[in-house]
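Here's the structure, in structure tokens; my notes come after.
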Amino acid sequence: MVLVAHGSRDPRAAAATRALARAVAAARPGTPVRASWLDHTDPGPTAVLRSLAAAGHARAVVVPLLFTAAYHRRVDVPAAVAAARESGPPLAVRVCDVLGPADGVVDPGLLAGLRRRLTEAGPRTFDALVLAAAGTRDAPARASVGRVAAALGAAYGVPCRVSYASAAPPAVGAAVARLRAAGARRVAVSAYFLAPGLFHDAVVADALAAGAATVAAPLTDAPELVDLVLRRVAAAPPA
């Protein structure tokens, strides 16, 4: 099993991915689980797949640790798999759906993980939510983030707005400010991030400066995320 994260210059991000890989391995004894990254951190998925093939493995499954099916899922992940197949021993590789909505459906486990982190951040006293995501210029990907926000708001019975740390408006501070201007007294921010890093740091600072009551931690190795990874693996199409 090869977990593929986006990658970051911040070492906390790689540490979080490794923690998730350890948790997945603990939940699936006997199955090798390897972490890899598309950028900034080694090894990349191609190198990991080649190493598994060289070690005698005939099959592997690639799990994109991504929340939207944007450029990285459509282009970078398939390219990494293709490069691994072009050289070295043969290896049958299946590729899973991303962790975000697949076929438009928001996984209950993903929502449960986001709710866990909100609970850990403080008592449930908020009357509005912001779902803070990394950001993308891809319109369908943004729509999938919107579906998660709608489902999260419905789970709590409060309005939930989307914000982005890059690539698209609104920023989290603006989203918090709009909810407060509309009458919300305590706005909580849910972090739609796999790992800590510069984006999450910026979200925390901007949200609190705008008057947010609390900001949740990233999902990292939440048990619900581990379970979601395993279910994505089970549902992956044949190689």
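The residues of region 201-231 that are without any contact (Cβ under 8 Å) to a residue 40 or more places away in the chain and touching a strand residue (DSSP E or B) at 6+ places or on another chain (Cβ under 6 Å) amount to a single one, 204. Taking the condition of being in contact with a Lys or Arg (Cβ under 7 Å, 6 or more places away or on another chain), in a helix (DSSP H, G or I) and not small (Gly, Ala, Ser), how many residues in region 125-177 meet it? Result for region 125-177: 0.
Could you say whether any residue in region 45-64 is assigned to a loop (DSSP other than H, G, I, E, B) and surrounded by 15 or more Cβ atoms within 10 Å (Cβ to Cβ)? No, that holds for no residue.
Residues in region 80-93 that are open to solvent by less than 70 Å² (accessible area, probe 1.4 Å) and touching a helix residue (DSSP H, G or I) at 6+ places or on another chain (Cβ under 8 Å): 80, 81, 83, 84, 87, 88, 89, 91, 93.
Of 213, 239, all but one fail to be out of contact with any helix residue (DSSP H, G or I) (no Cβ under 8 Å at 6 or more places or on another chain), open to solvent by 30 Å² or more (accessible area, probe 1.4 Å), farther than 13 Å from residue 114 by Cβ and modelled with pLDDT of 95 or more; the exception is 213.
Taking the listed residues 168, 139, 149, 181, the one that is under 18 Å from the mean Cα position of the chain (by Cα) and open to solvent by 40 Å² or more (accessible area, probe 1.4 Å) is 139, with no other qualifying.
Selection of region 13-35 for residues being in contact (Cβ under 8 Å) with a residue 40 or more places away in the chain and not in a helix (DSSP H, G or I) yields only 28. Residue under question is residue 195, and the condition is that it be in a loop (DSSP other than H, G, I, E, B), of a type outside the set (Val, Ile, Thr), in contact with a Lys or Arg (Cβ under 8 Å, 6 or more places away or on another chain) and open to solvent by 30 Å² or more (accessible area, probe 1.4 Å); does it hold? No: the conditions fail for residue 195.
The values are calculated or read from the model by the stated rules, or taken from the named source; none is laboratory data. Worth saying up front: this structure is predicted, and the values here are computed from it rather than measured. Note that each Cβ is placed from the backbone with ideal geometry, even for glycine, and that neighbours are counted across all protein chains shown. Ligands, DNA and RNA are excluded from the accessible area calculation, which covers all protein heavy atoms including side chains. Shrake-Rupley method; radii C 1.70, N 1.55, O 1.52, S 1.80 Å.
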